[in-house]
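Worksheet: the structure to be examined is printed underneath.
Bear in mind that the values in this text are calculations on the coordinates, not laboratory data. None of the values given here were measured: they were computed from a predicted structure. Note that we place each Cβ from the backbone using ideal geometry, even for glycine, and neighbour counts take in every protein chain shown.
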Amino acid sequence: MQAACVKINGMRMHRKDNLDARLAACGDIMTGADLTEKNMKKAAGMKAYLDFAALFNNNNPVHLEIGCGKGGFVCGMARLHPDINFVAVEKVSNVIITACEAAKAQELKNVHFINCPAEVLPRYIKDGIVSRIYLNFSDPLPKLGYAAQRLTNPRFLALYSALLKAGSELWQKTDNEDFFNYSLESFKECGWLIKEVCRDLAAFPFEGNVVTEHEQKFMDEGKKIFRAVVCPPLE
Ligand SMILES: C[S@@+](CC[C@H](N)C(=O)[O-])C[C@H]1O[C@@H](n2cnc3c(N)ncnc32)[C@H](O)[C@@H]1O
């Protein structure tokens, strides 16, 4: 019998009913996690590239969201931009299922999900084919010992640089100022070009912003939202 609870980032979460069957039912729009290899580097090296032209039946640009949570952002973006193919990554099966089921309910044809940790993405996505990366409200992981797990740590920036097409952008939003400052330092340290910095998105909104689940919660709490647009160094 499956455990009723799963532990995520140290917190207990109720395991969704019939999770395995529900994940299987989303198999047409989600690449499932194969986590038999626990060493992330080795897992990333076990290439199983996704053929996006075949998956989406077109050659439209691919935008990647990492840590999509329940999928509000990616589904909203997919509705607004039918000519972009969105790939959304989330490491927690118990969470990604909500995103997959939402995409299915909305009959979105331009979204695909990958249920894996970001570290394993090079297994599924070839270098140089992603036209934009979104990092929305990534876990700030404030404890120093967890810095390597932050999604803007230099080890992740190297991975994103490889996945992105030359000259393509990464868009970041967060409510956490310390994490935002850490991210800007990390971008600078790795030679990324910082194209835009906004320290209060409510005061300086931009057209086409799709609000994520966490963004809505933080806005309701009156918190400031920070945003950056950055670009990896050209080789
Ligand atoms: C704070 S939530 C934000 C969710 C959503 N982006 C939003 O703004 O509402 C961060 C999400 O990133 C996922 N995540 C954290 N580290 C990850 C990693 N290394 N690879 C993939 N997903 C990750 C978590 O499981 C969680 O669902």
Whichever lysines have a C-alpha closer than 22 Å to that of Lys126, once near sequence neighbours (fewer than 8 apart) are set aside: Lys38, Lys41, Lys42, Lys47, Lys91, Lys109, Lys165
Cα centroid separation - the range 152-175 against the range 188-232, whole Å: 15 Å
Calculated from DSSP H runs of 4 or more alone, at -39500 (n - 2.57) each and per residue, what is the 222 nm mean residue ellipticity of the chain, nearest 500? -8500 deg cm²/dmol
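If packing is taken as the average number of other Cβ atoms within 10 Å across a peptide's residues, how do 92-103, 117-128 rank, most packed first?
Numbers: 92-103: 21.0, 117-128: 18.3.
Result, highest mean Cβ count within 10 Å first: 92-103, 117-128.
For Trp192, Trp171, what's the fewest-to-most ordering of other Cβ within 10 Å of each Cβ?
Values: Trp192 23, Trp171 17.
Going from sparsest to densest Cβ surroundings: Trp171, Trp192.
Out of the chymotrypsin sites (Phe, Trp or Tyr not before Pro) in the range 11-90, which ones are loop residues according to DSSP with at most 14 other C-beta atoms within 10 Å? The partial results should precede the final answer.
Values: sites: Tyr49, Phe52, Phe56, Phe73, Phe86; in loops: Tyr49.
Within the range 11-90, the qualifying chymotrypsin sites (Phe, Trp or Tyr not before Pro) (loop, at most 14 other Cβ atoms within 10 Å) are Tyr49.
Report, in debye and to the nearest 20, how large the dipole of the chain comes out about its Cα centre when Lys and Arg carry +1 and Asp and Glu carry -1 on their Cβ. Display every interim value, and only then the final one.
Details: 29 positive and 28 negative charges, 109 e Å.
Its charge dipole is roughly 520 debye.
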In what sequence do Cys190, Cys116 fall when counting other Cβ within 10 Å, fewest first? Cys190, Cys116
Under the Karplus curve 6.51 cos²θ - 1.76 cosθ + 1.60, θ = phi - 60°, whole-Hz ³J(HN,Hα) for the range 27-33, x wherever Gly or Pro sits: x, 6, 10, 9, 8, x, 6
Cβ density ranking, 10 Å radius, fewest first, applied to His81, His63 yields His81, His63
Of the DSSP beta bridges with both residues in the chain, give the percent that are antiparallel, rounding to the nearest 5. 40 percent
Under a Cβ-Cβ cut-off of 9 Å, what is the net charge of the residues other than Thr98 that fall near it, where Lys and Arg count +1 and Asp and Glu count -1? +1
Under 15 Å Cα to Cα from Lys16, which aspartates and glutamates show up? Leave out anything in the same chain fewer than 8 places away. Glu101
Taking the alpha-carbon distance from Lys223 and a cut-off under 24 Å, which lysines remain once sequence neighbours fewer than 8 residues away in the same chain are dropped? Lys70, Lys143, Lys173, Lys195
As an exercise, use a Förster radius of 35 Å and the Cβ-Cβ distance of Leu55 and Ala162 to find the FRET efficiency, rounded to the nearest 0.05. 0.95
Just want the answer: with Cβ charges of +1 for Lys and Arg and -1 for Asp and Glu, which residue in Gly222, Leu164, His14 is farthest toward the dipole's positive end in the chain? His14
From the phi angles alone, apply the Karplus equation (6.51, -1.76, 1.60; θ = phi - 60°) to the range 212-217 and give each ³J(HN,Hα) in whole Hz, x where the residue is Gly or Pro. 8, 4, 5, 4, 4, 5
Determine the sum of side-chain charges near Arg79: Lys and Arg each +1, Asp and Glu each -1, restricted to other residues whose C-beta is under 13 angstrom from that of Arg79. -1
